[in-house]
Structure formats: structure tokens, C-alpha cells
Amino acid sequence: MKFVKADVSVRATNSAAISEVMNHDALVRHQIVMLLSRQTEETLSNPTGQETVRLEALAVVKAALEVETGSGQIEDLFFTSFVIQR
């Protein structure tokens, strides 16, 4: 069994976009948790795999926000902390 702890930050162009992300933080969190739960240990253990997951997380979150708000809202997504416990 393994555990992943990730802190995520997003970048947006304006404060209204940040407010929309914060209003839908449960949705954003859920999308990221579901994405991480589908990953293999090998993918999460190397920098290339982590970057791939980061880009997938950005796409998934933007798509979810598009459905909820009519706009993708965010420009980028970063893992500010990423810990894997085996």
C-alpha cells in the first residue's frame, strides 16, 4: 500500500478566476485525487512521470472548471510538495 501527499497551487490571470477555483475547490481536489489514484508507483517515482501527471492534472482541472463555470479559469498547475510513502 502506498500514500501520496501533494500540495497543489494554481496560476490564474485575475482574482475572479482564483475566486472561481476556490468556490469549486472540492471539485478540483476530487479531480486531482482521482487522477493520482490511477497512477502507478513507477510513474509517480520519477520526475518525467511527475511532470506528465502535472500536465494531466492541469487538463483535468481545466476541463472540470469549464463544465462548472464555462471557462477553464487557470493557466497552470504546480505540485508545490509531492511526497510518496511506500
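Only protein atoms count toward the accessible area here, which uses a 1.4 Å probe; on the stretch 10-51, the carbon and sulfur part of that area reaches 53 percent. Of the DSSP H helices in the chain, those that are both long (alpha-carbon extent of 15 Å or more along the helix axis) and hydrophobic (Kyte-Doolittle mean at least -1.0) are 25-37, 47-69.
For A12, the residues whose amide H sits under 5 Å from its own are E75, ignoring neighbours fewer than 5 places away on the same chain, with H placed 1.01 Å from N. When the charge dipole of the chain is built from unit charges on Cβ atoms (+1 for Lys and Arg, -1 for Asp and Glu) and taken about the Cα centre, the candidate among V61, A17, L36 whose Cα reaches farthest toward its positive end is L36.
Restricting the calculation to Cα atoms, the stretch 10-72 shows an Rg/Rh of 1.03 when the hydrodynamic-style radius is the Kirkwood one.
Can you work out the accessible area per residue across the chain, with the rest of the protein chains kept in place, probe 1.4 Å, in square angstrom? Could you put the intermediate results ahead of the total?
Working: 5350 Å² over 86 residues.
For the chain, the per-residue accessible area is 62 Å².
Distance between the C-alpha centres of the stretch 8-23 and the stretch 46-77: 13 Å, rounded to the whole angstrom. Under a Gaussian network description of the chain, with springs only between Cα atoms under 10 Å, the residue in V53, V67, V28 that fluctuates furthest is V67. Compared with the direct C-alpha span, the chain from R86 to V60 gains 6.8 nm at full extension, assuming 0.36 nm per residue.
Quick check for me: using +1 on Lys/Arg Cβ and -1 on Asp/Glu Cβ, what's the dipole size of the stretch 32-86 about its Cα centre, in debye to the nearest 20?
On the way: 4 positive and 8 negative charges, 35 e Å.
Here the stretch 32-86 has a charge dipole of around 160 debye.
The values are calculated or read from the model by the stated rules, or taken from the named source; none is laboratory data. In this text, all values refer to a predicted model and were calculated from it rather than measured experimentally. Using ideal geometry, Cβ is built from the backbone for each residue, glycine included, and neighbour counts are taken over all protein chains shown. These accessible areas exclude ligands, DNA and RNA; they are computed on the full protein's heavy atoms, side chains included. Shrake-Rupley method; radii C 1.70, N 1.55, O 1.52, S 1.80 Å.
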